[in-house]
Amino acid sequence: MDSHEGEEGKGAGFPGAEPPPLPPDRHPEGGRPDDLRESWPIARLQPPLGISAGQGRVPGPAGPVEPPGPQGIADASVAVPAPSEQAAPGGGMAGLSLPYQVAAAVSLALIAAVACTHLAMVFLHVAPSNTVTKQHGEVVDTWVYPEFEQNWKLFAPNPLQQNIAVQVRARYTAGDGSRRTSDWIDLSAEDGAEIRGNPLPSHLHQNQLRRAWDFYVGSHDTGDSPSGLRGRLSESYIRRIVMLRLERHDLGGPVERIQLRASTRSIEAPRWSDEKVDTRPVHRELPWWTVTAADLPAGVDNKDRAGGRTEAAR
């Protein structure tokens, strides 16, 4: 209590100010001022020089500082465009020039049209027979085959359990004029070599030869006699495929006749199965066919090979 009196406490903190009064609850006379704020020293301080109540500027050496205007710009002569008038950067097709916008719109329309057409063709292909497929079945098949064929054998109750390899051998005229017979050439193995390790294998390597053989077997009896026009077409079709494949092999002379065979081998049963499967290959040999000009690839001149008959038909 006595520390507030004397010279040291007189000017502590507030030069020229009186010692701070006691709080209201410790007032010596037990009185209580009407306004509690007036009993504290902060209420008795004088405001700094240059600041008056209600004034918003501080005078200084550089002069008064004007408050910012409504738009935050001191110069009112500079016009600020409204938010709606400011150009926003364009995105997507809106940012392209007119010719590019037209090209992009046409491209998107074509892509949508092709996608819708493809879905409609595949739907008609897998759908049951109806009026549209009866009238326009050839158009649907032309669109679907061979790239978009739908085959459901994987989900059949009894999937395929055999490997069938189509092989061919040829009789040709050698350079010395003698006629020779080549070894068996495994065409299915060549397709398999093209498929393995290829992330995007060709549909021809996967299905052309296999489907041609299925076409032939389904249109011929066990004696290799064709069943009508479909059988003769399948024979001509597979001969053309075989001759196209033989163009890759240098046999030493022109091919006169060819013979096909199918080597069927059953798939071995898994280790956990008790089923006994004979995995020995079974061969089905076809008769010798005389090669004609119609069997050769385009651009090969072989006019002297005419007749178009198989040796079995002779």
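By average Cβ neighbour count within 10 Å, what is the ranking of 140-146, 194-200 from highest down?
Ranked by mean Cβ neighbours within 10 Å, highest first: 140-146, 194-200.
Can you work out D for region 123-243 in µm² s⁻¹ from Stokes-Einstein, where Rh is the Kirkwood radius over C-alpha pairs, the temperature is 10 °C and the viscosity is 1.306 mPa s?
91 µm²/s
Expected output is a single nm value to one decimal: the length gained when fully extending between ASP221 and ALA120, i.e. 0.36 nm times separation in residues minus the C-alpha distance. What is it?
32.7 nm
Quick one: if you take sqrt(5λ) for each eigenvalue of the C-alpha gyration tensor of region 174-288, what semi-axes come out, biggest first, whole angstrom?
Output for region 174-288: semi-axes of 27, 20, 17 Å.
Name the chymotrypsin sites (Phe, Trp or Tyr not before Pro) in region 244-294 that are in a loop by DSSP and that have at most 12 other C-beta atoms within 10 Å, would you?
The qualifying sites are TRP272.
About the Cα centre of region 133-271, how large is the charge dipole given +1 on each Lys and Arg Cβ and -1 on each Asp and Glu Cβ? Please answer in debye to the nearest 20.
Roughly 260 debye, rounded to the nearest 20.
The numbers here are math on the coordinates, done by the rules we state, and not lab data. Note that the coordinates shown come from a computational prediction; the quantities given were computed from them, not determined experimentally. FYI the Cβ positions are ideal-geometry reconstructions off the backbone, even for glycines, and counts take in every protein chain you see.
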